[in-house]
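The values are calculated or read from the model by the stated rules, or taken from the named source; none is laboratory data. Just so it is clear, the structure is predicted and the values come from calculations on it, not from any experiment. All Cβ positions, even for glycine, are placed from backbone atoms using ideal geometry, and neighbour counts span all protein chains on display. Accessible surface areas use protein heavy atoms only, side chains included; no ligands, DNA or RNA. Shrake-Rupley method; radii C 1.70, N 1.55, O 1.52, S 1.80 Å.
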Amino acid sequence: MSAPPFGDNLVCQVGLIVEDIERTAQRYAEIFGVAVPPVQTTLAHDVTETTYKGEPSDATARLAFDFGQVQIELIEPDELPSVWRDYLDEHGAGVHHIAFRVKDTGEAVAYLEGHGIGVLQQGLYSDRSGMYTYMDSVPALGVMLELLENYS
């Protein structure tokens, strides 16, 4: 069996789905004694080339990052079908994923597919400096995995 292709094997991010990103970001900032992070909105398919369950998707989300040594990502989804909207509709606000940095998304996807874990959603960062891939790992691991590949 080949070695897992997850960079340094350290969780680099925990993603949380939220219903109100401003309120949640404010609360996290108050509790952790940090500045409220800026909120950004992901761009649609024409820029990010997002796919959801293998089909092009214009789903977007509002994001806020940081709050400590492991990056916390707050995600407020729009109404279009996506892994973010699915989670909010099925579970409400809560932990959505854990993320790992990878050097080669294709290699990491192939490795996970070898363990019966396929791709749910994938796209480029809004600035096209890298890509994210959400894997269908909940049945096997109890949590969704996100693969983060930075191109620079």
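Model label sites at Val138 and Ala93, defined 7 Å from Cα along the beta-carbon direction, differ in position by 1.9 nm. 3J(HN,Hα) couplings calculated from phi for the stretch 136-145 with the Karplus curve 6.51 cos²θ - 1.76 cosθ + 1.60 (θ = phi - 60°) are, in sequence order, 7, 9, 4, x, 8, 10, x, 8, 6, 9 Hz; Gly and Pro show x. In this structure the chain gives 53 Å² per residue of accessible area when probed at 1.4 Å with all protein chains present. The portion of the accessible surface of the chain made up by carbon and sulfur, rounded to a whole percent, is 53 (1.4 Å probe; DNA, RNA and ligands excluded). Sequentially through the stretch 58-65, phi angles give Karplus couplings (6.51, -1.76, 1.60; θ = phi - 60°) of 9, 4, 10, 8, 9, 10, 9, 10 Hz, Gly and Pro residues having no value and appearing as x.
Near the amide H of Val11, within less than 5 Å, lie no amide hydrogens of residues on another chain or at least 5 residues away, with H placed in the peptide plane. Model label sites at Gln71 and Glu30, defined 7 Å from Cα along the beta-carbon direction, differ in position by 2.7 nm.
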